[in-house]
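Every read-out reported here was derived from the displayed coordinates using simple, explicitly stated rules and does not represent laboratory data. None of these values were measured; they are calculated from a predicted model. Don't worry about glycine lacking a Cβ; one is built from the backbone with ideal geometry, like all the others, and counts go over all protein chains shown.
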Amino acid sequence: MVGTGLWDEEDGFYYDQLLVDGRQLPLRIRSLVGLTPLFTVEVLEEAILSQLPGFCKRMNWFLENRQDLARHISYMESEQHSAGVRRLLAIPSRQRLERMLRYLLDEREFLSPYGIRSMSRMHAEHPYIFRTENQEYRLDYTPAESTIAMFGAN
């Protein structure tokens, strides 16, 4: 929990990092890598939690006694449903979840008519260029449809 880790507060996105000469350099590439924390989201049903008393005890202890760490995660309870109270548990905080979902659900970024893109469409107009030691590495967005056509798929 030291520093911001892979989170970029300005962009509201998680970026991978590269270690070069002892320096950490964020790779400001909007890709599925930055959305990986969304995989940690879980909806906890009351019926399931009632079968896990040890987990509930530790979860409640953590939320009550480690607020310094708990503020970095999301824990939300919904209204009473027919199945009981539903809880959402996620590693990113609520604010981070909301910011990440804006990218995920934006058709100019990750959302496509065919599902979720592995790389943001934003890179079509803004390719990522990384320069080091007189070398340049470039990452461009290429739509899946053109990649399929390139390999002669029917």
Sorted by chain and number, the residues with a modelled amide H under 5 Å from that of Val85, at a separation of 5 or more or across chains, are Glu46
Go ahead and estimate [θ] at 222 nm for the chain from helices alone: -39,500 (n - 2.57) per DSSP H run with n ≥ 4, summed, over the residue count, rounded to 500. -7000 deg cm²/dmol
If Lys and Arg each add +1 and Asp and Glu each add -1, what is the summed charge of the other residues whose beta carbon sits under 12 Å from the beta carbon of Arg28? -3
As an exercise, use a Förster radius of 22 Å and the Cβ-Cβ distance of Phe62 and Arg99 to find the FRET efficiency, rounded to the nearest 0.05. 0.40
In the Gaussian network model of the chain, springs joining C-alpha atoms below 10 Å, which of Ala70, Ala124, Ala47 carries the largest mean-square fluctuation? Ala47
Given springs between every Cα pair under 10 Å in a Gaussian network model of the chain, which of Ser50, Ser93, Ser118 has the largest fluctuation? Ser50
Correct choice for Kirkwood radius over Cα pairs in Å that was computed from the model, options (i) 17.3; (ii) 18.5; (iii) 19.6: (ii)
Over the chain, what is the relative contact order in percent, taking alpha-carbon pairs closer than 8 angstrom and at least six residues apart? 17 percent
Note, Phe62: beta-carbon cut-off 14 Å, +1 each Lys/Arg, -1 each Asp/Glu, net +3
Amide H of Ser112: which non-local residues (sequence gap of 5 or more, or other chain) have their own amide H closer than 5 Å, using H built in the peptide plane? Arg117
Peptides 7-17, 56-66: what's the order by average Cβ count within 10 Å, highest mean first? 7-17, 56-66
Using modelled amide H (1.01 Å from N, peptide plane; none on Pro or chain starts), what sits under 5 Å from the amide H of Phe13, excluding residues fewer than 5 places away? Asp8
Provide the per-residue ³J(HN,Hα) series for the range 85-96, in order, calculated from phi with Karplus coefficients 6.51, -1.76, 1.60 and θ = phi - 60°, each as a whole number of Hz, with x at glycine and proline positions. 6, 9, 10, 9, 10, 8, 5, x, 5, 4, 4, 5
Whole-Hz Karplus couplings 3J(HN,Hα) for the range 12-18, θ = phi - 60° and coefficients 6.51, -1.76, 1.60, Gly and Pro as x, run x, 8, 8, 10, 5, 10, 10
Quick check: the distance between the Cα centres of the range 27-72 and the range 95-121, to the nearest angstrom? 22 Å
Theoretical FRET efficiency, 1/(1+(r/R0)^6), r = Cβ-Cβ of Tyr137 and Ser112, R0 35 Å, to 0.05: 0.85
